[in-house]
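Let me begin by presenting the structure, written as structure tokens, before commenting on it.
The values are calculated or read from the model by the stated rules, or taken from the named source; none is laboratory data. Predicted model only: the values in this text are computed from it and were never measured. Here the Cβ positions follow ideal geometry from the backbone for every residue, glycine too, while neighbour counts run over all protein chains shown. Please note that ligands, DNA and RNA were not included when accessible areas were found on the heavy atoms of the full protein model with its side chains. Shrake-Rupley method; radii C 1.70, N 1.55, O 1.52, S 1.80 Å.
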Amino acid sequence: MRFANPEYLYLLLLLPAVILLFLYSNYRRRKNLNSYGDPQLLKKLIPGTAVLRNRITFWFTFFALALIVVALARPQFGAKKETVTTRGVEVVVALDISNSMLADDISPNRLEKAKRLISRIINRSGENKVALIVFAGEAFVQLPITDDFISAKMFLESITPSLIARQGTDIGAAIDLAAKSFTANDKIGKAVIVITDGENHEGGAEEAAMRAAEKGINIFMLGIGTEKGGRIPVEGKNEFMRDNEGFVVVTKLNEEMAGNIAKAGKGTYVRVDNTNNAQTIIENELDKLQKDDVKTEVYTKYREQFEVIAILVFLLLVSEMVIIALMDFFSNKKKE
């Protein structure tokens with residue numbers, strides 16, 4: 001379901017004010033009546049059904065107004081699902097989530113900067129397919145290759161270093177896993193984007209990049225961090241990570257290693273800083289890859305649900321009138 005004019009839904013924020021006005025109105029009315037005489041005597045003179053009638057009228061009208069607001073927003077349901085064919089490439093993003101990615105030498109920190117960069121790349125992907133891999137001391141697929149960019153961004157937001165207990169930076173494992181994550185389509189361009197600070201503790205990354213290149217997979221290494229380096233905050237504490245000798249750990253971008261991995265994979269190394277230059281470079285490189293048909297299932301027609309809401313409003317108002325009429329009828333019968 002979707003809303004064609006969702007801005008009207010903001011009117012629902014006014015409904016609590018309507019309830020407050022109703023309660024205040026009842027309070028003032030009771031206060032005015034009490035000023036005319038003894039409350040107990042007035043209670044006997046005023047029929048009990050009058051209060052109930054007032055409440056029924058308000059609540060039925062209240063819910064009718066709420067439904068009218070929803071109707072103005074034009075709720076729609078997909079009535080027809082079609083396969084749309086576009087031309088794109090396949091991209092697997094491998095994101096380093098080791099603790100060193102929490103360093104603050106890149107604002108707000110390396111990991112958040114990387115996630116924002118990936119989000120922008122996904123937004124621009126349009127006709128491509130994407131997959132997400134996270135890695136530290138080991139690697140696993142966070143999201144298989146898909147054209148569902150909404151899910152991709154949702155999974156991206158949930159990524160934290162706590163997803164992998166084993167610390168380290170096994171870039172080789174990430175590249176090997178990424179190479180296995182593509183579809184079997186040999187006609188489409190395939191790219192692996194590795195985002196890391198370059199502190200590879202496991203080895204084998206250059207060999208993994210060479211194996212991927214032999215399969216026709218393009219390797220893009222994005223180095224994130226600075227040569228000066230940054231401190232690693234300890235989660236939940238107002239302090240920074242220290243080594244065995246008690247000194248604060250400073251993690252630095254290893255550009256040489258990241259560049260060597262890209263070279264081994266016949267790919268490109270790009271440094272990520274506090275500008276958007278890396279995004280522009282990667283997008284230009286992806287545009288150069290061979291494109292092939294990418295099939296996506298989408299809702300191409302939507303059925304308006306205004307009539308359903310209108311019927312509900314009509315039933316509410318009719319029910320209100322019927323209930324009030326029955327209350328009046330039995331009240332008159334009782335008097336007779």
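Once the chymotrypsin sites (Phe, Trp or Tyr not before Pro) in DSSP loops with at most 13 neighbouring Cβ atoms within 10 Å are cut out of the chain, the longest remaining piece is 37-246.
Of the cross-linked pairs 129/288; 115/291; 113/153; 263/288; 129/153, which ones have a Cα-Cα span greater than 20 Å in the structure shown?
Numbers: 129/288 16 Å; 115/291 25 Å; 113/153 14 Å; 263/288 18 Å; 129/153 13 Å.
Violating the 20 Å limit, Cα to Cα: 115/291.
When the Cα convex hull of the chain is projected onto planes of every orientation, the mean area is 27.3 nm².
Quick test of the membrane-span-like rule: which DSSP H helices of the chain reach at least 15 Å along their long axis (C-alpha atoms) with mean Kyte hydropathy at least -1.0? Mind dumping the intermediate values first?
On the way: long enough: 15-34 (29 Å, -0.03); 48-72 (37 Å, 1.57); 110-125 (22 Å, -0.72); 277-288 (17 Å, -0.92); 306-335 (44 Å, 1.50).
Counting only whole DSSP H runs, the qualifying helices are 15-34, 48-72, 110-125, 277-288, 306-335.
The rule of thumb for compact globular proteins, 2.2 N^0.38 Å, goes into the C-alpha radius of gyration of region 86-190 1.06 times. Measuring r between the beta carbons of residue 123 and residue 9 and using R0 = 22 Å, the FRET efficiency lands at 0.35. Taking every alpha-carbon pair under 8 Å whose residues sit at least 6 apart, the chain reaches a relative contact order of 23 percent.
Any idea of the accessible area per residue across the chain, 1.4 Å probe, to the nearest Å²? Spell out each step's value before the answer.
On the way: 19500 Å² over 336 residues.
Value returned for the chain: 58 Å² of accessible area per residue.
Taking the DSSP beta bridges with both ends in region 170-241, the antiparallel portion is around 10 percent.
Subtracting the Cα-Cα distance of residue 150 and residue 290 from their residue separation scaled by 0.36 nm leaves 47.9 nm.
Which of the GluC sites (Glu not before Pro) across region 229-288 are loop residues per DSSP, with 14 or fewer other Cβ within 10 Å?
Numbers: sites: 235, 239, 245, 255, 256, 283, 285; in loops: 235, 239, 245.
Filter output for region 229-288: 235, 239, 245.
Apolar share of the accessible surface for the chain: 56 percent from carbon plus sulfur atoms, 1.4 Å probe.
Among beta bridges from DSSP that stay inside the chain, the antiparallel ones total about 50%.
222 nm [θ] for the chain, helices only, -39500 (n - 2.57) per DSSP H run of 4+, per residue, to 500? Walk me through the numbers on the way to the answer.
Values: 10 runs with 148 residues, N = 336.
When only DSSP H runs of four or more count, the value is -14500 deg cm²/dmol.
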